[in-house]
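Trainee: First the structure, then my questions, so here it is.
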Amino acid sequence: MSAASDQPATLPDGAHDAFLMDVRTDTDDLGRPVQRLDLTVVAGEFKGLVVTIVTGEPLGDEIELIGMPATITVSDGEPSVTIDD
């Protein structure tokens, strides 16, 4: 599963191991479904940093996603998240 973010990256380009702490499913201003993912970086220089990524489409069930390992990938300043299942 993968999703792009609509917020500026707070991490440098590269892959960052993360843990999915919270997921909230909602709709955007146009009524489209989105998910707000709160992730904590679990290793490296940015360990402990909490990053919020809003997906353009839901990645799955909120309850099933919480606690999943993930990878935040930043490319050209644009973050995306992949759930590592």
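Trainee: Please enumerate the residues belonging to region 30-85 that are in a loop (DSSP other than H, G, I, E, B) and hydrophobic (A, V, I, L, M, F, W, C).
Mentor: Kept after step one, since they are in a loop (DSSP other than H, G, I, E, B), are these residues of region 30-85: 30-32, 42-49, 56-61, 66-68, 76-77, 84-85.
Passing the criteria: Leu30, Val42, Ala43, Phe46, Leu49, Leu59, Ile66, Met68.
Trainee: Under 9 Å between Cβ atoms, at least 6 apart or on separate chains: pull out the pairs that start in region 46-64 with a residue that is under 8 Å from Gln35 (Cβ atoms) and end on any residue that is modelled with pLDDT of 95 or more and part of a helix (DSSP H, G or I).
Mentor: If the second residue must be modelled with pLDDT of 95 or more and part of a helix (DSSP H, G or I), the pairs left are Leu59/Leu65.
Trainee: Check Ala3, Ala18 and return the single one that is modelled with pLDDT of 90 or more, assigned to a strand (DSSP E or B) and either within 16 Å of Pro79 (Cα to Cα) or in contact with a Phe, Trp or Tyr (Cβ under 9 Å, 6 or more places away or on another chain) (or both).
Mentor: Working: Ala3 fails: modelled with pLDDT of 90 or more.
Selected residue: Ala18, the only one of Ala3, Ala18 that is modelled with pLDDT of 90 or more, assigned to a strand (DSSP E or B) and either within 16 Å of Pro79 (Cα to Cα) or in contact with a Phe, Trp or Tyr (Cβ under 9 Å, 6 or more places away or on another chain) (or both).
Trainee: Output the residue which, of all residues in region 33-85 that are among the hydroxyl-bearing types (Ser, Thr, Tyr) and within 13 Å of the chain's Cα centre (by Cα), is farthest from Val23 (Cα to Cα).
Mentor: Thr73
The values are calculated or read from the model by the stated rules, or taken from the named source; none is laboratory data. Bear in mind that the values here come from a model prediction, so they are computed numbers and not experimental data. Cβ sites come from the backbone with ideal geometry, for glycine too, and all protein chains shown count toward neighbours.
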